[in-house]
Amino acid sequence: MAALGTIRKRGVTLIVIIGLGLFAFIAEEAFRSCEATSNEQRQQVGKVLGEKISVQDFQALVDEYQEVIKMTQGRDNLTEEELNQVKDQVWNSYVNSIIMKKEAEKVGLTVTDAELQNMLKEGTSPILMQTPFVNQQTGRFDVSLLTKFLADYKKASSTTPQVAEQYQKMYNYWKFIEKTLRQQTLAQKYQTLLSHCLLSNPVSAKAAFNAQNEESDIQLASLAYNTINDSKVTVSDADIKAKYEEQKEMYRQYVETRDIKYVDFQVLPSAADRKAIMTTMTEAQKSLQEGADPAQVVRKAQSQIAFTGIPVSTKVLPRDIATKIDSMAVGQTSAPFETSYDNTLNVVKLISTVQIPDSVEYRMIQVGAETVEKTRERADSIYKALAAGGDFEAIAKKYGQEGSKQWFTSAMYEAAPSIDADTKQYIEALTQSEGLKNVAFTQGNVIVQVLSRKAMSTKHVAAVVKHTIDFSKATYSAAYNKFSQFVSESKNATELENNAKKYGYKVLDRGDILNSEHTVAGVRSTRETMKWIFDANKGDISPLYECGNNDHLLVAALTGIHKEGYRDMASIKEVLKNQVIRDKKFEQLKEKLAGVTSVEAAKGKGAQVNPVNQITFAAPAFIQATGASEPALSGAVAATKAGQFCPRVIKGNGGAYMFKVVKKAQRGGAKFDAKAMETQLQQQALQAASRFMNELYLKADVVDNRYLFF
């Protein structure tokens, strides 16, 4: 009881302590939860209709599509620009597929496995024609080839790792095609369903026919807006605000954009740098002329193109080198010449020109033994047996090989960046002559028999010294130090502009940058700058960024932030002001033309009168007198009968107009076909409806954070 009394006496204190303890526990859990949520958000590339995609999942989709492109185009790598395109395509495909899936679910649309199987049996989908499962005889997709591949794929795990890897790549490619086919089919179903809501009728068909084919010739009186000086028009803030409210929907944006001022300086080689490179090229030219080893000369000059000593066609050489070789004689060495498109200095020596085949049919036996000496002995024995008329395939099988015929083409070696001595010897054995050869390599021998040589073509052995005209470390260091000093002295956008003049830099403006862009101001490797732009506050100055191909220095000032929603009036004040000026000029011109009842009377008021012919309702008339396209004028002309003068002053884009319709006539040869016009209208409606994805996208609450990761 005493203990209970003590507890009661200290009840308030205990409650406070317990309360603080509970709060600390809850706060800790809440902090952990917030931290986990924050970490999750930091790993999110984006969100569509509430569905999140992580950077890992998105990268997997990019890798998937990248492998598809590599396989279909036979390439090993993509350029940075191509990879950016892949990322955009994957993002758009992902967003569209999520949106379409949700919309299709609402109306009960699906693509069943049975439907997919029917599509494969029919084989008419264009996407199926991009697969390897096309029958070469019929030129059509053959589902039996696919079935055979899938059966072989299941057994591929028991083969060699290399074969299994190839099967896996092909299987991944097919799964991508299958997924794409499902997505496209679902979208087509939805669009077909939508198309059945769009109808036409004979009345609208007749109206559309007349709009396209009824032509009017008029006498037009024009008073251009530019006949009134802008200084004669007074525009108040109230006028601008009223115009903004009138056109507010025109200035709605669905994603945030940002404005910057920036200085981008490209570091270029100095005169001393160019002189040093020219010295290297002159020395290379002299060495080649004197007959020095071309491989050593090319290596010493640090050429971009290694010397292989193998004859190649000019089509695999850089364009400037191929052009130079075409005008050279064997043994000639060119003077150093500059190529602007790749910023290089070049020297070329044409060593030889030969006629060799592009394709060689051959068969071979690889020879190996415990030692090099035994290998040579065995190779000599095999060679003598074959030379004496021995059966090639039988001897090959004796040594565990097929000895079957195969083809060797110039495409297999011409583009190789380097070729070792053994490979060079092997290529020469296949391409230089026909017959049987015993080729001795460092570690073994190969007996080759060239059976036929086809597509003889001219090939060249040339030593090429191609060297980029690059800046030195000293030049870059000097440029960096100067730019760094400029950045350190610039604390705001005003100082950035003032200091740029002092340092000899140019400040540029870039407005409405989207976070979906891959570069800033078209400069490569500016992802960090992009991240800064969308994390900075208005008025901030960025750090100095080294970007481009390590040859650009960049600094930016954030000058504007345009949030999702309606543009603030201040950011479009000049646009609104110009429209108010146009409106007020029209009112002045309208007042000037008040009471005018003929084209001649309008001319007396200062209007320029010209004939304008073949005006139709379906297209805006272009008026040379004002230099403007005028849809309102086309509408007014269509509503006015032949021989009548329109007493109303027409407000156009370039001026005020009055007119008289001189003649109306149907376009020559045009005949009304109700069914044909209804079909045309329905096609136009379908074309308009095909943009339904844009509307669905705007309602999908899409969040795109790719700029944070890619």
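Could you check the simple spin-label distance between Lys603 and Ser452, using points 7 Å along Cα→Cβ, in nm with one decimal?
8.4
So how much accessible area does Ser340 have, in Å² to the nearest 10, using a 1.4 Å probe?
100
Using amide H atoms built 1.01 Å from N in the peptide plane, name the residues 5+ places from Glu256, or on other chains, whose amide H lies under 5 Å from its own.
Answer set, sorted by chain and number: Glu564.
Could you compute how much accessible surface Lys87 exposes when probed at 1.4 Å, giving the result in Å² to the nearest 10?
Looks like 30 Å² after rounding.
So for Thr597, Thr110, Thr526, what's the accessible-area order with a 1.4 Å probe, most first? Don't skip to the end; give the middle numbers.
Values: Thr597 105, Thr110 80, Thr526 0 Å².
Per-residue accessible area, sorted high to low, gives Thr597, Thr110, Thr526.
For segment 259-336, which whole percent of the accessible surface, found with a 1.4 angstrom probe, sits on carbon and sulfur atoms?
On the way: 2150 of 4280 Å².
Roughly 50 percent of what the probe reaches on segment 259-336 is carbon or sulfur.
Pull out a ≥ b ≥ c, the square roots of the eigenvalues of the alpha-carbon gyration tensor of segment 578-710, then state rounded if a/c is under 1.5, prolate if not and a/b is larger than b/c, and oblate in the remaining case.
Oblate shape, in that a/c is at least 1.5 and b/c is the bigger or equal ratio.
Expressed in nm to one decimal, what extension gain is obtained for the pair Glu695 and Ser472 from 0.36 nm per residue of sequence separation less their Cα-Cα distance?
Extending this stretch completely gives an extra 74.9 nm.
Suppose the chain between Glu517 and Trp407 were pulled fully straight at 0.36 nm per residue; how much longer would it get relative to their current alpha carbon spacing? Before the final figure, lay out each step's value.
Values: separation 110, 0.36 × 110 = 39.60 nm, distance 4.67 nm.
Residue separation times 0.36 nm, minus the Cα-Cα distance, leaves 34.9 nm.
Would you mind checking Lys573/Lys699; Lys206/Lys651; Lys232/Lys590; Lys101/Lys699; Lys47/Lys169 for any pair whose Cα atoms are more than 20 angstrom apart?
Values: Lys573/Lys699 29 Å; Lys206/Lys651 28 Å; Lys232/Lys590 16 Å; Lys101/Lys699 14 Å; Lys47/Lys169 30 Å.
The pairs that break the limit, which is 20 Å between Cα atoms, are Lys573/Lys699; Lys206/Lys651; Lys47/Lys169.
So, R0 is 25 Å and r is the distance between the beta-carbons of Ser158 and Ser93; what FRET efficiency does that work out to, to 0.05?
Computed FRET efficiency for Ser158 and Ser93: 0.10.
Quick one: with all protein chains in place, what share of the accessible area of segment 532-670 is carbon or sulfur, to the nearest percent (1.4 Å probe)?
After summing per-atom areas, the C and S share lands at 48 percent.
Express the carbon and sulfur contribution to the solvent-accessible surface of segment 107-180 as a percent, rounded to the nearest whole number, probe 1.4 angstrom.
So the carbon and sulfur contribution to the accessible surface is 55 percent.
Can you give the local net charge around Ile325? Use residues other than it whose beta-carbon is closer than 12 angstrom to its beta-carbon, Lys and Arg +1, Asp and Glu -1. Don't skip to the answer; put the middle values down first.
Working: positive: Lys315, Arg319, Lys324, Lys349, Lys459; negative: Asp320, Asp326.
After counting each charged neighbour, the total is +3.
Based on Cβ point charges of +1 for Lys and Arg and -1 for Asp and Glu, what charge dipole magnitude is obtained for segment 219-371 about its Cα centre, in debye rounded to the nearest 20?
300
From the square roots a ≥ b ≥ c of the eigenvalues of the alpha-carbon gyration tensor of segment 472-588, which class results: rounded (a/c under 1.5), prolate (a/b over b/c), or oblate?
On the way: a/c = 2.63, a/b = 1.96, b/c = 1.34.
Prolate, since a/c reaches 1.5 and a/b exceeds b/c.
Nothing charged except the Cβ atoms of Lys and Arg (+1) and of Asp and Glu (-1): what's the magnitude of the dipole of segment 356-411 about its Cα centre? Round to the nearest 20 debye.
The calculation lands at about 120 debye.
What are the lysines whose alpha-carbon lies under 16 Å from the alpha-carbon of Lys374, with same-chain residues fewer than 8 places away excluded?
Lys384
Less than 24 Å apart at the alpha-carbon level, and either on another chain or at least 8 residues along: which lysines does that give for Lys459?
Here the lysines satisfying the reach criterion relative to Lys459 are Lys315, Lys324, Lys349, Lys424, Lys437.
Tell me the net charge near Ile228. Cut-off is 11 Å between Cβ atoms, Ile228 excluded, with +1 for each Lys or Arg and -1 for each Asp or Glu.
Spelling it out: positives minus negatives among the neighbours equals +3.
Could you rank Ser157, Ser313 by how accessible they are, 1.4 Å probe, largest area first?
Ser157, Ser313
Looking at the square roots a ≥ b ≥ c of the eigenvalues of the Cα gyration tensor of segment 326-422, which shape do they give, rounded for a/c under 1.5, prolate if a/b is larger than b/c, or oblate? List each step's numbers first, then the result.
On the way: a/c = 2.96, a/b = 2.66, b/c = 1.11.
Here segment 326-422 falls in the prolate category.
Reachable aspartates and glutamates from Lys454, Cα under 16 Å, same-chain residues fewer than 8 places away excluded?
The qualifying aspartates and glutamates are Asp358, Glu361, Glu428, Glu434.
For a paramagnetic label modelled at 7 Å from the Cα of Ala394 toward its Cβ, which residues of segment 356-380 fall within the zone defined by backbone nitrogen distances under 19 Å?
Taking a point 7 Å out along Cα→Cβ of Ala394, the residues of segment 356-380 whose backbone N falls under 19 Å are 363-366.
Using a 1.4 angstrom probe, figure out how much accessible area segment 80-165 has per residue, in square angstrom, rounded to the nearest whole.
Accessible area per residue, segment 80-165: 62 Å².
Please arrange Ser359, Ser410 by accessible surface area, largest first, computed with a 1.4 Å probe and ligands excluded.
Numbers: Ser359 30, Ser410 10 Å².
Correct descending sequence by accessible area is Ser359, Ser410.
Starting from the Cα-Cα distance between Gln212 and Ser195, subtract it from 0.36 nm times their residue separation and give me the gain in nm to one decimal. Please list the in-between numbers first.
Details: separation 17, 0.36 × 17 = 6.12 nm, distance 2.38 nm.
Computed gain between Gln212 and Ser195 is 3.7 nm.
Can you give me the solvent accessible area of Glu338 with a 1.4 Å probe, rounded to the nearest 10 Å²?
Counting only protein heavy atoms, the figure is 100 Å².
Taking a probe of 1.4 Å, how large is the accessible area per residue of segment 298-392, in Å²?
Result: 52 Å² of accessible area for each residue.
Using a simple charge model, +1 on the beta-carbon of Lys and Arg, -1 on the beta-carbon of Asp and Glu, nothing else, what dipole does segment 85-159 show about its Cα centre, in debye to the nearest 20?
Charge dipole of segment 85-159: 180 debye, to the nearest 20.
How much accessible area per residue does segment 443-508 have, counting only protein heavy atoms and a probe of 1.4 Å, in square angstrom?
Numbers: 3310 Å² over 66 residues.
I get 50 Å² per residue for this part.
The values are calculated or read from the model by the stated rules, or taken from the named source; none is laboratory data. Given the structure is predicted, the values throughout are model-derived calculations rather than measurements. Positions of Cβ are backbone-derived with ideal geometry, glycine not excepted, and every protein chain shown enters the neighbour counts. Keep in mind that these areas ignore ligands, DNA and RNA; they rest on the heavy atoms of the full protein, side chains included. Shrake-Rupley method; radii C 1.70, N 1.55, O 1.52, S 1.80 Å.
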